[in-house]
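The values are calculated or read from the model by the stated rules, or taken from the named source; none is laboratory data. Computed from a predicted model, the values in this text were never measured in an experiment. Cβ coordinates were reconstructed from backbone atoms using ideal geometry, including for glycine residues, and neighbour counts include every protein chain displayed. Note: areas computed on protein heavy atoms with side chains; ligands, DNA, RNA excluded. Shrake-Rupley method; radii C 1.70, N 1.55, O 1.52, S 1.80 Å.
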Amino acid sequence: MDENNADIEMDHGISNANTVYGLDHVTNIMKFHSAYLEDFLSLQEFIIYREGPLPIQYRHYIAIMAAGRHKCTYLINFHKKQFLEHNGDANWLKGLSHVPRKLRNLYEINKILAHRPWLVTKEDIQKVVKGPNSWSMSDLGHALVLLVHFHSLCSFVFASNLNDEIPRAVKVTSVYLSPGSKPFLRGYADDGLEPIVERMKKLSEPASEQERIQRYELVQSQLCDSDTSADNGLDPDVKPFVEDSGYSYLDCSRRQFAQQSSFILQEFSWDHHGYELTNRLFNDIGLLLDKKFKTAYNMTYYTMGGRPHIDTSRFRRAIWNYIYCIYGMRNDDCDYEDVTQLLQCQLRVFVKTATCYPERLNKTTTENALKHFELSEKIHINLMIMEARMQAELLFALRAVMNYMMQ
C-alpha cells in the first residue's frame with residue numbers, strides 16, 4: 001500500500017489547488033498519493049467551480065449543510081468564507097430558516113443520506129422535484145453529488161485529525177500525527193501486521209454462495225461493537241445549519257431489517273447502473289467519479305507496514321466491502337471471511353466510526369487502530385473509507401432516483 005513516508009514539506013504546486021480551495025491540510029496529506037489527488041481535485045473543481053446546473057452560492061451552501069451533519073467546522077468555515085466571497089447572501093448564514101425554500105427542501109435528503117442512506121426512497125425524491133420551489137432532475141443530480149462528496153470528505157477530515165486545523169501549508173506529519181508519534185512513520189518493530197499478511201496468503205479457498213451470505217450476516221451481526229451513543233452537542237459554528245442533531249446512524253441490529261430488503265450490489269451497482277444514471281442527471285460527472293473511485297480502490301504499492309512484495313488487494317477489498325456491509329449492502333461476489341480475518345477489531349471499529357460518525361474519532365482511537373501501518377498507508381486507508389462511503393451513499397440516492405423515474 002505504501003508509496004513514500006518521508007517527512008516532507010508540501011508545496012502549492014498542483015494547479016494552485018491549495019490556493020483555489022484553501023484546504024491546504026487536505027491536499028497536502030492527499031499528495032502522498034498524487035494520482036488520487038489529481039482525480040480528487042478534478043472532481044472538486046468540476047462540482048464547485050465549473051459550469052453546472054446550480055449557482056455557485058448554492059454549491060457552497062450545500063457543502064455547509066452536508067458538513068453540518070458531522071459537525072465538521074473545518075469544512076463549514078471554509079465554505080462560509082467561499083459563499084460570501086462569491087456574493088452569497090450573508091443572511092443565509094444565520095441558519096436554515098433564512099435560506100430559499102428550494103434549498104430548505106433539500107435538508108431531509110441531506111440528513112438521511114448522511115446517516116441512514118438505506119432509507120432514501122422515491123417519495124423523498126418526489127418531494128424535492130415536484131410542486132413549488134422544485135428542483136429539476138439535473139439540479140438534483142448536482143446537489144446529490146455535492147452532498148455525498150462532502151459527507152465523505154468529513155470522514156477523511158476527522159480520520160486524518162484535521163478538523164481543528166487552520167487551513168495553511170504545513171508539514172504533513174505535524175498535522176496527521178500527534179507530537180512524539182514519529183515512530184509510526186516506519187511502523188512498529190513488532191510483527192503487528194504479520195498475521196494479516198499470512199492470512200491473506202491463505203484466504204484462497206472459494207466459498208459457496210450460501211457460505212458467503214452466512215459470512216455477510218455474521219459481519220452484520222457484529223456491527224454494534226463500536227460506540228453508538230448519541231452526542232447532541234453543537235458548536236456555535238455548526239448549530240445554525242443543523243436540525244434534529246440526535247438523528248444518527250443505526251446499527252443493522254436496530255434497523256428492523258426484517259421489514260427492509262438488503263441492497264444487493266448485483267442488482268444495482270455503480271458499474272452497471274450508477275455510472276450511466278449519474279451522467280444522465282449531471283453531464284460528464286460520471287466519468288470523473290468513476291476515475292476517482294477506481295484510483296482509490298486499485299491503488300497499491302505492494303507493501304504493507306514496510307514489508308515489500310505484498311499483494312494487498314484482499315485487504316483493500318475487505319475495507320471497501322466492510323463499509324458496504326455497514327450500510328446493509330451485500331456483494332454476492334465477496335467472501336466476507338476476508339473482513340473477519342483481515343480487519344482486526346480495533347481497525348473495524350475505526351473504519352465504522354470514520355464512516356458513520358467521524359466526529360466521534362479522536363487521535364488515540366486512530367493511532368491504536370492504525371499503529372502498525374506507515375503514514376502513507378494510513379492515508380490510503382482513509383481515502384478508501386472516504387470513497388467507499390461516497391459510492392455507497394450515492395448508490396442509495398441513485399436507486400431512489402431511478403425508482404422515481406420508473407414509476
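For region 287-318, what are the residues that are open to solvent by 30 Å² or more (accessible area, probe 1.4 Å) and of a type in the set (A, V, I, L, M, F, W, C)? Those that are open to solvent by 30 Å² or more (accessible area, probe 1.4 Å) and of a type in the set (A, V, I, L, M, F, W, C): L287, L288.
Among the residues making up region 267-286, those that are open to solvent by less than 30 Å² (accessible area, probe 1.4 Å) and in a helix (DSSP H, G or I) are W270, G274, L277, T278, L281, I285, G286.
Restricting the search to region 79-121, which residues are touching a residue at least 24 places away in the same chain (Cβ under 8 Å), open to solvent by 70 Å² or more (accessible area, probe 1.4 Å) and not in a loop (DSSP other than H, G, I, E, B)? Correct list: K81, K94, R101. Look at H272 and say whether it is free of Cβ contacts under 8 Å to residues at least 40 places away in the same chain and touching a strand residue (DSSP E or B) at 6+ places or on another chain (Cβ under 9 Å). No. Filter region 209-244 for residues that are modelled with pLDDT of 70 or more, over 30 Å from D338 (Cα atoms) and among the aliphatic types (A, V, I, L, M); which is surrounded by the fewest Cβ atoms within 10 Å (Cβ to Cβ)? In this case the residue turns out to be L234.
Considering region 49-75 alone, what residues qualify as being small (G, A, S) and in a loop (DSSP other than H, G, I, E, B)? Of everything in region 49-75, just one residue is small (G, A, S) and in a loop (DSSP other than H, G, I, E, B), namely G52. Highlighted here are the helices (runs of 4 or more DSSP H) found entirely within region 325-407 that include at least 2 residues which are buried (at least 21 other Cβ atoms within 10 Å of the Cβ) and in contact with a strand residue (DSSP E or B) (Cβ under 9 Å, 6 or more places away or on another chain): 375-406. When A143, A159 are checked against the criterion of being within 15 Å of L375 (Cβ to Cβ), modelled with pLDDT of 50 or more and of a type outside the set (V, I, T), A159 stands alone in meeting it. In region 276-321, the residue that is farthest from I47 (Cα to Cα) out of those that are out of contact with any His (no Cβ under 7 Å at 6 or more places or on another chain) and among the hydroxyl-bearing types (S, T, Y) is T303. Taking region 122-166, which residues are closer than 17 Å to L288 by Cα and open to solvent by 10 Å² or more (accessible area, probe 1.4 Å)? S138, the sole residue that qualifies.
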